[in-house]
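First the structure, in the form of structure tokens, and then the observations on it.
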Amino acid sequence: MTSTPASHAYRSALETRNASAAMRGIWSDHTRFSNWRRVWLALAKAQMELSLGPTQAQVDAIERVLDAIDLPAAAAHEQRLRHDVMAHVHTLGDQAPAARGIIHLGATSQDVVCNADALTQWAALDLVARRLARVIDRLGTLATSWRSEPCLGFTHFQPAQPLTVGRRAALWGQEFAVALHEVESRRDGLRLRGLRGATGTQASFLALCGGDSAKVDRLEARFVELLGWPAGRTWPLTSQTYPRLWDAQMLSSLAVAACAVHKTANDIRLLANLREVDEPCESDQIGSSAMPYKRNPMRCERATGLARFVISMVHNAYDTASTQWLERTLDDSSNRRLSIAESFLALDGALEVMANVTGGLVIYPHACRTRLAAELPFLATEEIMLAAVAHGADRQEAHERLRTHAKAATQKIKGEGAPNDLLTRLATDSMFARIDLDKALDAAGFIGRSIEQADAFVVQVVEPVRDRYRPSIAGEPELRV
């Protein structure tokens with residue numbers, strides 16, 4: 001039987017096209033199994049310090065080969081043993097024979113896997129937080145740069161009150177700020193499983209400690225400390241695993257971040273259709289194989305697709321958490337290997353795209369002004385009505401005349417494709433003859449507190465994020481396609 005060339009084997013698009021090298025590294029086999037070995041080392045050190053068997057020489061033997069993982073040997077052991085943790089126990093024992101007899105002493109597999117998973121999850125959540133901060137920084141720059149540029153607002157994707165381009169960027173930034181708070185809360189609330197044994201009762205560790213419960217507590221506390229974890233940040237109770245509800249909470253937080261991506265990317269796609277903005281585009285970039293003129297918002301489309309995938313994973317996590325039997329069932333394992341890692345990888349890829357897009361978004365102020373000018377006569381009708389009343393007109397009669405003229409102008413626009421002639425109609429109506437219609441159409445008079453709000457958002461929200469994440473926000477995103 002011939003082997004299949006690597007180029008003929010399936011590889012996830014998250015690996016080959018989307019996720020950054022940093023996030024791929026966090027979820028790599030090497031990191032996963034290095035974290036397992038860190039758990040075994042911390043366990044052996046804590047047991048040595050409490051005189052529970054391991055010696056300094058055995059601890060040193062583990063430490064010397066901590067990152068020298070023989071993955072082919074581990075794969076061969078797993079093929080024979082059909083147990084991934086024990087395969088790596090044997091692999092570590094082969095590399096550190098002096099420590100073979102004390103590796104995994106008193107532990108069950110999930111004492112290793114769950115604690116190691118927490119180390120990985122913390123690193124991944126921290127990277128997501130830094131990715132979010134970078135997008136917030138770039139949206140803050142947009143908010144400041146375009147703070148006073150009026151543009152048409154939309155509700156129901158129909159023309160509504162104007163705002164400014166910077167105010168809209170600040171609103172996008174708020175979406176990402178909500179997501180950042182959510183992700184930071186998960187990261188900072190992450191707990192270790194601790195040393196709990198087969199069903200969470202710590203029976204094996206109680207036996208190892210000669211029935212001394214206080215010694216079991218000291219063993220676990222020292223184990224947690226050796227892993228560099230804050231004291232007391234362990235689950236009060238576990239079954240064989242940490243609560244799988246945590247995974248549902250964690251993936252729901254990632255989904256909140258994905259929603260921020262999805263909403264912002266969709267808005268940019270809509271505005272690109274209106275020709276008010278463009279995402280970055282290289283000089284040789286091709287928009288369509290058939291239509292040479294096309295410039296599609298393909299980056300935002302990619303971010304939207306990845307975000308949708310992340311959002312869809314939340315229900316999967318709820319299913320897994322709700323179907324755990326008693327103290328443990330193994331149907332979570334194969335599922336979690338996919339759903340958790342790939343949610344992080346997909347979100348990382350989407351946030352890399354959004355950093356690129358928001359950092360290089362092209363604004364077309366003349367297009368913004370042209371669209372706004374076409375709608376301003378309609379938007380100004382209330383102000384014109386009030387001015388007419390100030391000159392002695394009856395309010396209800398002014399309202400009716402404005403409604404009639406606006407209806408006729410709208411019919412010309414929609415029925416004939418003609419320009420908005422509402423001002424021309426009003427100029428010939430005696431009720432509005434004494435009103436300065438040009439002054440009534442000053443866009444600056446319709447944007448409310450847009451400038452003030454954009455500035456306040458940058459000061460109150462963006463600047464504190466910049467202060468917390470300054471080393472991270474300077475880096476450029478990694479886009480491979």
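Where a number appears in this text, it was derived from the coordinates with a stated rule and is not lab data. Predicted model only: the values in this text are computed from it and were never measured. Don't worry about glycine lacking a Cβ; one is built from the backbone with ideal geometry, like all the others, and counts go over all protein chains shown.
Could you run the Karplus curve 6.51 cos²θ - 1.76 cosθ + 1.60 with θ = phi - 60° over segment 95-107 and give me ³J(HN,Hα) per residue in whole Hz, x for Gly and Pro?
After applying 6.51 cos²θ - 1.76 cosθ + 1.60, I find 7, 10, x, 5, 9, 3, x, 10, 5, 6, 5, x, 9 Hz.
Would you mind calculating the relative contact order of the chain from Cα pairs under 8 angstrom and at least 6 residues apart, reporting the percent as a whole number?
20 percent
Kirkwood hydrodynamic radius of segment 203-272 from all distinct Cα pairs, in Å?
15.9 Å
If the cut-off is 27 Å between C-alpha atoms, which lysines fall inside it for K263, apart from same-chain ones fewer than 8 positions away?
K294
By counting other Cβ atoms within 10 Å of each Cβ, how are T329, T320, T141 ranked from fewest to most?
Ascending Cβ contact count within 10 Å gives the list T329, T141, T320.
For T164, which sequence-distant residues (separation of 5 or more, or a different chain) have an amide H within less than 5 Å of its own amide H, given hydrogens modelled in the peptide plane?
C151
With the cut-off at 1.5 for a/c, could you classify segment 381-440 from its C-alpha gyration tensor as rounded, prolate or oblate?
It is prolate, given that a/c is not under 1.5 and a/b is the larger ratio.
Could you list T381, T404, T164 so that the one with the fewest beta carbons within 10 Å of its beta carbon is first and the one with the most is last?
Least crowded to most crowded, the residues run T404, T381, T164.
Taking θ as phi - 60°, what are the ³J(HN,Hα) couplings along segment 31-38 by the Karplus curve (6.51, -1.76, 1.60), each to the nearest whole Hz, with x for Gly and Pro?
Along segment 31-38, the couplings run 5, 4, 7, 5, 5, 4, 5, 5 Hz.
Tell me the mean residue ellipticity at 222 nm calculated for the chain from its helices only (DSSP H runs of n ≥ 4, each -39500 (n - 2.57), averaged over every residue, nearest 500).
Counting only the DSSP helices, I get -20500 deg cm²/dmol.
Long-range amide H contacts for T108: which residues qualify at under 5 Å (H placed 1.01 Å from N, peptide plane, sequence gap of 5 or more or a different chain)?
For T108, whose amide H was placed from the backbone, the distant partners under 5 Å are G197.
Lysines within cross-link reach of K215: Cα-Cα under 16 Å, excluding same-chain residues under 8 positions apart?
K45
Considering the convex hull of the alpha carbon atoms of segment 73-150, report its projected area averaged over all viewing directions, in nm², one decimal.
For the Cα atoms of segment 73-150, the hull's average projected area reads 8.8 nm².
Report the net charge of residues surrounding V178, where surrounding means a beta-carbon distance below 14 angstrom and charges are Lys +1, Arg +1, Asp -1, Glu -1.
Charge balance in the 14 Å sphere: -1.
Can you list the HN-Hα couplings for segment 299-313, worked out from phi with the Karplus curve (6.51, -1.76, 1.60; θ = phi - 60°), rounded to whole Hz and with x for Gly and Pro?
The phi angles translate into 5, 5, 5, 5, 4, 4, x, 5, 4, 4, 5, 4, 4, 5, 6 Hz.
Within segment 29-65, find all residues whose amide N lies under 17 Å from a label point positioned 7 Å from the Cα of A98 along Cα-to-beta-carbon.
41-42, 44-46, 48-49, 53-65
Taking K439 as the anchor, which lysines have their alpha carbon closer than 25 Å to its alpha carbon, excluding any fewer than eight residues away along the same chain?
The qualifying lysines are K407, K412.
By counting other Cβ atoms within 10 Å of each Cβ, how are H156, H262 ranked from fewest to most?
Arranged by neighbour count, lowest to highest, H156, H262 become H156, H262.
Under the rule that a partner needs its Cβ under 4.7 Å from the first Cβ, which Cys of the chain have none?
If one checks each Cβ against the other cysteines of the chain, C114, C209, C259, C281, C300 turn up with nothing under 4.7 Å.
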